[in-house]
Amino acid sequence: MLNQNLVRGLFLAAVALFFGLGALRYPIGNLSRTGPGLFPLLVSGFLLVLAIATLVKSRLVQAVPLEFSVAKIALIMFGLCGFVLISQHVSMLLAIVFMVFIVSYAGTAPSWKRNLAISAVLAVIAYGFQRFLGLNLKLI
Amino acid sequence: MDILHNLAFGFEHALTLQNLFYCALGCTIGTMVGLLPGLGPLATISLLLPLTYSIPTSSALIMLAGIYYGAQYGDSVSAITMKIPHAASIVACIDGYAMTLKGQTGLALFTAGVSSFIGGTVAIVVLAALAPSLGEVALLFGPADYCALMLLGFICVSVVTTGSVINGLAMCLIGVLLGQIGTDLETGTPRFTFGAQFLVDGVSLVSVALGCFGIAEITKNLDEKSERTPFNGKIHLIPTWPEFKRIWPSALRGSVAGSILGILPGGGPTIAQFAAYAIDKKVSKYRHEIGTGSIEGVAGQAAADEAAARTSFIPLMSIGIPENAVMALMMAAFIIKGIQPGPNMIAKHPDLFWGLVASMWIGNCFLLIINVPLVRIWLSVFKIPYSVLFPSILFFCCIGTFSVNNNLEDIYVTAAFGFLGYVMMRLALDPAPLMLGFILGPMLEENFRRAMLLSRGSFTVFVTRPISATLLGVILVLFIAQLVLMLRARGASRAGGPVAASERDTIVASPESARN
């Protein structure tokens, strides 16, 4: 089981290094004439210090197990990405049905009747947005 | 007299049919959201922000403000009837739910509704009196002072929302770094864009907000699998005269505490409720009953909650610095509408400022009607199963993202932030400070660079200017206080055996973390 505190420290360090190393690619300048890289470098430096403090702390305190359910977030991501692709290449109405059916598996007891009813209501709402709020939705 | 004149001017604007409609709409949506499990004011304002693009400026801001304080009202209803602890109603769960168990649900709801009304009214007077004069003080602020104020805001929000300075500050810094993505305004250099055109303008605020607060919240709620039992008890709303007499002293105490705590950096409704509850436990005539379902236990915190929600607009509108994540989103709404909150806002847009202040009182009246006589209707909202709700919320997240640029591919960015938000939640990192950092990041950078330019690269400017030096002194005191508390907690845990890290992290009682 992964230690939540340790993973948190590693996550913060990864973000700090990503932005810190990225900032080095831009002119740094000096303190009186700062370049575009200086400020993100300073902030990343502070973040790295906090990440190191978190990592050190994780060694000193009792481990907390990290709970992470990949299936649900993966289903939701798949539903959202599918929504975009189907809306772009087919139609948004079909995309709504696809998203509702896919994400319903992240919930409890998915039912196709209920999913169809939700899809129908959302399709009506989407039509309302297109018709009355002027949103450029490609429904069909 | 000036205040009365200004308020009359504000009511002139707020009482138009259009503004009344949007105020009522905001209050209604806010109340509904406050009642629903898993959606807070942050997620709702994020969801509805894109839809306000086509609404006139003052109406849009009136509606968004209505959503915010409406959600505070709605929160207390769910806390009292079903002990559902939302971000802003943890204290209401204690005595409010205890009153429900004693069969006094109606009295508790009436107390919460009337106290919130009193709290809101007191706060509006404070807002109208204080905001213009604070705006004049803000004109004394230089770039170094603004930097110090923003840093103080980061520290306070970190302590209050997450309970751990390290975690909260880290999230603020991640937010600041995300705000760096896009074109550097001083030199025109694209930063962290990796050649992607859609990142040249930076990451969309709506994508960050909907990802971190909409999608991530949904996934977290689905993980919890908790089933809610709808409230089916009887509600008798009208109290007796002796009961009514017990409401107002506590409500007034709570209003004062909430009004003060709402103005302070990092303050807001949650901390105000705890403070009001603590004050009532010390000074109330019925303090021995508090905790067992007493009127005072509901009245004080409800008034403080509502008062703080309103006075937290003061720093935003008079200094231009939001003090918490909800206000940061409100600031984004102001900027989207072409209004720069700050010392000049009241002078430049008096109709907007006084209209918004007046609309808050009108909203107060709407909320009293919505939440007291019509409360039975709202309780039926709980009968909507979450399996129906969450696909709909995801759909609104998609539409909200799309409507910003009419670009479907922005939904990928929102989804990515949803994933990031979920990872952060699982790592016990609250995304609220991230939002504040993201919105204040560009402003912090601009003021830092300007301060450095004016001081010819010397950091002494931060300690030689009185305002900046004072604010940095407050930060130092806060750090020392945190360190002392941490060492004490360490000492206590050594004496009492091993303590889980998460417990040790929680230096200050962290009410908002309860929702994560």
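Side notes on the structure shown:
- Selection status of B:F231, part of a helix (DSSP H, G or I), at pLDDT below 85, of a type in the set (F, W, Y) and within 30 Å of B:Q104 (Cα to Cα): no
- A Cβ distance below 8 Å, combined with a sequence gap of six or more or placement on separate chains, defines the contacts here; from region A:49-61, residues that are assigned to a helix (DSSP H, G or I) reach residues that are surrounded by 14 or more Cβ atoms within 10 Å (Cβ to Cβ) and of a type in the set (D, E, K, R) in the pairs A:T54/A:R8; A:S58/A:R8.
- Residue within region B:106-120 that is among the β-branched types (V, I, T) and closer than 26 Å to A:I28 by Cα present: no
- Contact annotation: residue pairs with Cβ atoms under 7 Å, 6 or more positions apart or on different chains, pairing a residue in region B:410-435 that is facing another protein chain (nearest Cβ under 10 Å) with a partner that is of a type in the set (A, V, I, L, M) and part of a loop (DSSP other than H, G, I, E, B), are B:R426/A:L66.
- Filtered residues of region B:436-471 (kept if facing chain A (nearest Cβ under 9 Å) and charged (D, E, K, R)): B:E445, B:R449, B:R456
This table checks each residue for (1) outside any helix (DSSP H, G or I); (2) surrounded by 13 or more Cβ atoms within 10 Å (Cβ to Cβ); (3) modelled with pLDDT under 90.
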{"site": "A:A71", "(1), (2), (3)": "no, no, yes"}
{"site": "A:L80", "(1), (2), (3)": "no, yes, no"}
{"site": "A:I86", "(1), (2), (3)": "no, yes, no"}
{"site": "A:L93", "(1), (2), (3)": "no, yes, no"}
{"site": "A:R114", "(1), (2), (3)": "no, yes, no"}
{"site": "A:L122", "(1), (2), (3)": "no, yes, no"}
{"site": "A:N136", "(1), (2), (3)": "yes, no, yes"}
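- Pairs are defined by a Cβ separation below 7 Å, a sequence spacing of at least 6 or placement on different chains, a first member in region A:26-47 that is more than 7 Å from chain B (Cβ to nearest Cβ), and a second member that is assigned to a loop (DSSP other than H, G, I, E, B) and modelled with pLDDT of 95 or more; no pair meets this definition.
- Flag for B:M452 being in contact with a strand residue (DSSP E or B) (Cβ under 7 Å, 6 or more places away or on another chain), in a helix (DSSP H, G or I) and among the hydrophobic types (A, V, I, L, M, F, W, C): yes
- For region A:58-69, residues that are surrounded by fewer than 19 Cβ atoms within 10 Å (Cβ to Cβ) and at the interface with chain B (Cβ under 8 Å from one of its Cβ atoms) total 6.
- Single residue of B:S380, B:S392, B:S387 found to be at pLDDT below 85, assigned to a helix (DSSP H, G or I), within 14 Å of chain A (Cβ to nearest Cβ) and over 20 Å from B:F9 (Cα atoms): B:S387
- As a summary of the residue check, B:N371 satisfies the conditions (1) at pLDDT 85 or above; (2) more than 10 Å from every other protein chain (Cβ to nearest Cβ); (3) buried (at least 23 other Cβ atoms within 10 Å of the Cβ) except for the one numbered (1).
- Residue count for region B:396-425 satisfying the condition of being surrounded by 22 or more Cβ atoms within 10 Å (Cβ to Cβ) and either outside any helix (DSSP H, G or I) or not hydrophobic (A, V, I, L, M, F, W, C) (or both): 8.
- Pairs, first at the interface with chain B (Cβ under 10 Å from one of its Cβ atoms) and without any contact (Cβ under 8 Å) to a residue 24 or more places away in the chain in region A:78-103, second surrounded by fewer than 20 Cβ atoms within 10 Å (Cβ to Cβ) and charged (D, E, K, R), C-beta under 8 Å, six or more apart: A:V84/B:E409
- Within region B:455-469, the residues that satisfy the criterion of being closer than 21 Å to B:I319 by Cα and either of a type in the set (D, E, K, R) or in contact with a helix residue (DSSP H, G or I) (Cβ under 8 Å, 6 or more places away or on another chain) (or both) are B:V461, B:F462, B:V463, B:R465, B:I467, B:S468, B:A469.
- Whenever a residue of region A:119-138 is under 20 Å from A:F101 (Cα atoms), its partners that are at pLDDT 85 or above and among the aromatic types (F, W, Y), lying with C-beta atoms within less than 6 angstrom and at least six residues away or across chains, give the pairs A:L122/B:F395.
The values are calculated or read from the model by the stated rules, or taken from the named source; none is laboratory data. Values in this document were obtained by computation on a predicted structure and should not be read as measured data. Virtual Cβ from ideal backbone geometry, glycine too; neighbours counted across all protein chains shown.
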